[in-house]
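Take a look at the structure set out below.
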Amino acid sequence: MTATAVAPVPDTAPAPDIAPTPTLHPVAEAIASGTIPGRVWFYSNYHCNLACTYCFTESSPTVAKRAMDPEQILRPAAEASELGYTDFGITGGEPFLLPYMVDLLKDLSALGPTIVISNGTVFGPRRFTRATELAGHDVAIQISLDAAEPDLNDEMRREENFNKVVDLVPRLVDAGVKVRIATTVEDGRLNADQHNELCALHRSWGITDDDHIVHPVIHRGRAAEEDMGTHLAFHEFPAELTFSVDGACWGPFGPSFTDGKLDTDLLITRTLEPVSTAASALLRLADGRPQGADTQLGIR
Ligand code: SF4
């Protein structure tokens, strides 16, 4: 009879088969914990059909376009999404002056909810039809409207601005496009009754109070030249990563223009890519901020 072979008893039990916990990038952790916001902004362009008195980018029909190519936006947006950023915003200038805007917005919204800021006055039949393609996509057009009275609204924007906006917004809503209203207020200019009238107007279009954003004129760019607006230190602006053709800034008020020159006080990097470089620099600045220093400006 032969001896039965006995398997040797291991000294230690085999290690359980546990997958290693993935390490989050510090930027992703900061977004997840709310230390920095999850939205990235892009300045698609600086030219505009209007030249509002309080415009902090000094936009107008005659300024340099300073436009970003779609790929200059989509590639960093894809990297930002991998880093943990969740939402996207396009601003200008008037973004819808760029022929690629609707296609870009559709592509961006595949990465996350997207807002585009517009003055709502460039939508002739062709642009309106193209804009209706945004119905069903996670895109909100945020349209500026400062008062429910035409004269008060148009005072700092342009004649007929009010009429064009009140003509456009209900048609977009009817077409299924998500619309938000943004109101820019100079101190004391809109009293409680006027504010209520404005809210009654946007509610009549089916736009809820959650989609009505009110924020002050910021003392930068043309507003500063006109001695208007609220003065804020950098840490009082929301720490939203914001790209223009010139690089990355702290917050969407960062890449403003004064006397035809880029304001560099909120510039973080001169490069757009890799996004992780700018995002890490912004996070370092945000970590050094006094607690609770960022104000509620209604930038949502
Ligand atoms: S505030 Fe907006 S609409 Fe007015 S000039 Fe500037 S970019 Fe154009």
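Worth a mention:
- Condition check for ASN153: surrounded by 19 or more Cβ atoms within 10 Å (Cβ to Cβ), within 16 Å of the ligand (Cβ to nearest atom) and over 21 Å from PHE88 (Cβ atoms): yes
- Pairs, first farther than 15 Å from ASP167 by Cβ in region 128-145, second within 16 Å of the ligand (Cβ to nearest atom) and not in a helix (DSSP H, G or I), C-beta under 6 Å, six or more apart: ALA140/ILE115; ALA140/ARG180; GLN142/ILE115; GLN142/ILE117; GLN142/ARG180; GLN142/ALA182
- Contact map, region 36-54: residues that are closer than 21 Å to ALA248 by Cα and basic (Lys, Arg) paired with residues that are more than 9 Å from the ligand (Cβ to nearest atom) and not in a loop (DSSP other than H, G, I, E, B), Cβ distance under 9 Å, separation 6+ or inter-chain. Pairs shown: ARG39/ASP87; ARG39/PHE88; ARG39/GLY89; ARG39/ILE115; ARG39/LEU241.
- Where a residue in region 224-240 is farther than 21 Å from TRP41 by Cα and touching a residue at least 24 places away in the same chain (Cβ under 8 Å) and its partner, wherever it lies, is of a type in the set (A, V, I, L, M, F, W, C) and surrounded by 20 or more Cβ atoms within 10 Å (Cβ to Cβ), with Cβ under 7 Å and at least six apart: MET228/VAL217; GLY229/VAL217; GLY229/ILE218; GLY229/ALA223; THR230/VAL217; THR230/ILE218
- One residue stands out in region 177-206 among those that are among the small types (Gly, Ala, Ser) and modelled with pLDDT of 90 or more: the one that is nearest to the ligand (Cβ to nearest atom), namely ALA182.
- Here LYS65 meets each of (1) more than 26 Å from ASP263 (Cβ to Cβ); (2) touching a Phe, Trp or Tyr at 6+ places or on another chain (Cβ under 9 Å) with one exception, condition (1).
- Condition broken by LEU232, with the remaining ones in (1) out of contact with any Pro (no Cβ under 6 Å at 6 or more places or on another chain); (2) in a strand (DSSP E or B) satisfied: (2)
- The helices (runs of 4 or more DSSP H) found wholly in region 117-197 and carrying at least 2 residues that are β-branched (Val, Ile, Thr) and within 23 Å of the chain's Cα centre (by Cα) occupy 161-174.
- Residue count for region 255-268 satisfying the condition of being under 19 Å from ALA77 (Cβ atoms) and surrounded by fewer than 19 Cβ atoms within 10 Å (Cβ to Cβ): 0.
- Residues of region 43-71 that are within 9 Å of the ligand (Cβ to nearest atom), among the small types (Gly, Ala, Ser) and surrounded by fewer than 18 Cβ atoms within 10 Å (Cβ to Cβ): ALA51, SER60.
- Any hit, region 158-170, residues being buried (at least 21 other Cβ atoms within 10 Å of the Cβ) and more than 16 Å from the ligand (Cβ to nearest atom): no
- Restricting region 72-105 to residues that are in contact with a His (Cβ under 9 Å, 6 or more places away or on another chain) and not in a loop (DSSP other than H, G, I, E, B), the residue that is nearest to the ligand (Cβ to nearest atom): LEU97
- Which listed residue, of ASP210, ASP174, is more than 21 Å from PRO150 (Cβ to Cβ), out of contact with any Lys or Arg (no Cβ under 9 Å at 6 or more places or on another chain) and modelled with pLDDT of 95 or more: ASP174
- Candidate set from region 119-146 (those that are charged (D, E, K, R) and within 16 Å of the ligand (Cβ to nearest atom)); member that is surrounded by the fewest Cβ atoms within 10 Å (Cβ to Cβ): ARG127
- Restricting attention to region 95-153, the residues being more than 29 Å from ASN196 (Cβ to Cβ) and of a type in the set (Ser, Thr, Tyr) number 5.
The values are calculated or read from the model by the stated rules, or taken from the named source; none is laboratory data. Note that the structure is predicted; figures quoted are calculated from it, not measured. Because the Cβ atoms are built from the backbone with ideal geometry, glycine has one as well, and the counts that use them run over all protein chains shown.
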